[in-house]
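Taking it in order: structure first as C-alpha cells, then the write-up.
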C-alpha cells in the first residue's frame, strides 16, 4: 500500500471529486438501512420489545411521520452547513463552526466513536446472522461464526480501500435491491389486509395516547440515524455545495416514505392488533412473509428471500457506517486532533488507508472478544453476537443523537448570518426538541443493563472533551484549504 501525505499545503487530501448525486444519496440511505430498520426497529416504535415497554402501538406510522418531520429539520440544518463547508469532517466541522473548535473536536470524538462502534457491532452481527440462518433454514454449517465475521472484514476492507465509488455503488446496489423487494412485499400485504389508515394515524390508538406516540417518536429517531453521512463525502463529490444538501434532504424524504409504507403494512398485516404483533415481535417482517397457514401472506420461499434481502441491507449499513467512520478519522487526523497516521492516504486509490487499517483492527478486536469472552455485554435469552450488536447499536445510536443535538444548538450561532435565519431558529428548535426527547427516552424508565450503554457513551464523550483540551491540533483543513469552505465561518 503506497501512502501519500499532503501536497504543498502540508494537509493530506483524499481523491478528487468523483462522486455524483446518486453516489452520495446511496451513502445516506445505505447507512440508514431502511430494510434492517423495518425488520428490527419498527417493533421498538410499536413498543412491544422496547426497554420501557412503551410505544405507539398501532399508531406507529404516526410516530414515524412525526420523527421524519423532526429529522427533516435536522437535515435542513445539515444542508445549510453543507453549502458552506465541504471537508470530510462533516458534523465535526459543523459543530466546531457553531460551538468552537474544542467542543467540535470533542463532538467528533463522540460521533466517530459512535460510528466505529456501530460498524464493528454490525461486523459481529453479520457473521452470526449468516451462520444461524444457514443452520436453521438449511441445516448446514460450512463455517463457524467467527470465520464468517473474518470473511466480512476482508470484504469490508476491499469496499473501503479500492476506491470510494466501489463503496457507494456497492451500497446503492445492496440497499436498492433489498428496499425494492421489501417495498413490493409491503404493498402486497396492504392490498391483502383489512385497511384502516385512520387508526394508524390516530394518537388515541396508542396504548397511552399521545404519550405512547411520543415514546414511539423517540425510537423513531433511530431509524433515521445516518441521514447526514453523505456530508462525509463532500471532499470527494462533484459540486458538493449543490449535491450534498440535495442528497441529505432527498434521502430523508425517500426513506421516510418507505418507512410509512412498511410500518403501515406491519400494523395492517397484524390486523391492527398489538397482541398479534407481539406474537411475532422478534421478526415481524419474516412472520408476515410466512405461509398463510402460519398467519402470513407469503411462503417458505418468500421468508428465505426476506432473510437474504435483510442481509444485503445489513451489509449496506456496514459499508455506510465504515465509510463515515474512516472519513471522520481521516479528517480529525489531518487536523491533528487524532494521531497523524490516521490521515494516511493510499497513493493509488486515494482512500484513507490509515483510518481503514485502524477500523479493521478494532473490528478484529470485536471478533476476538465476541468469540472468547462469553460474558462480554451478555444479555439474557439472546445469542452472544446479537448481544454485542445490541450494545453497539445502543451506544452508537445514542452518541449520534447527542451530536445531532449539539449541531442543532450550534446552528443558532454558526448560521446566525444565514439569509433565512428565522428558518434556522425553527429548524433548531424542532431538532433540539426531537433529540432532547430521544436522549430523555434513553434514560427514562430504562432498566439495567440497557441503560449502561448511553451512560458509557457519555463517559466516552467526557474523555474526548478532556483529550481535546490537551490536544489542540492545528488550523482545521476547512479553514486552511480554500476549496473546502466558502469562507463563511459564522
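Structural remarks
- Binning all Cα-Cα separations of the chain at 20 Å, short to long from zero, yields these whole-percent fractions: 25, 59, 16, 0.
- Model label points for residue 348 and residue 361, set 7 angstrom from Cα along the Cα-to-Cβ axis, are 2.2 nm apart.
- Span from the the range 406-456 Cα centroid across to the the range 205-229 one, whole angstrom: 14 Å
- For the range 13-96: rounded, prolate or oblate by the Cα gyration tensor [a/c cutoff 1.5]: prolate
- Between 0 and 90 degrees, the angle of helix 240-269 with respect to the longest Cα principal axis of the chain falls at about 10 degrees.
- Put in order of Cβ neighbour count within 10 Å, fewest first, the listed residues 242, 334, 199 become 242, 199, 334.
- Shape annotation for the range 96-209: C-alpha extents along the principal axes are 52, 50, 30 Å, from largest to smallest.
- Spin-label pair residue 466/residue 445, simplified geometry with 7 Å Cα→Cβ offset, distance in nm: 3.5 nm
- Axis of helix 421-441 versus longest Cα principal axis of the chain: the two differ by about 60°, to the nearest ten degrees.
- The range 98-145 and the range 284-353 have Cα centres spaced 8 Å apart.
- Counted over the range 76-128 with a bin width of 10 Å, the fraction of Cα pairs per bin, in whole percents, is 24, 40, 23, 12, 1.
- Here the range 352-460 yields Rg over Rh of 1.11, to two decimals, using C-alpha coordinates and the Kirkwood radius.
- With the simple spin-label model, which puts each label point 7 Å out from Cα in the Cβ direction, the residue 257 to residue 202 separation comes to 2.8 nm.
- Remark: relative contact order (the chain) = 33 percent; criterion is Cα-Cα distance under 8 angstrom and separation of 6 or more residues.
- Residue-span extension gain [residue 417 to residue 293] - 0.36 nm each, minus C-alpha spacing: 38.4 nm
- A Förster distance of 25 Å, applied to the separation of the beta-carbon atoms of residue 305 and residue 162, puts the FRET efficiency at 0.25.
- Scaling the Cα radius of gyration of the range 180-312 by the globular reference 2.2 N^0.38 Å produces a ratio of 1.24.
- Residues in the range 81-122 that a label on residue 456 would reach, taking backbone N under 15 Å of a point 7 Å out along Cα→Cβ: 113-122
Values quoted throughout were computed directly from the atomic coordinates according to the rules given, and no laboratory measurement underlies them. Bear in mind that the values here come from a model prediction, so they are computed numbers and not experimental data. Ideal geometry is used to build each Cβ from the backbone, glycine not excepted, and the neighbour counts take in all protein chains shown.
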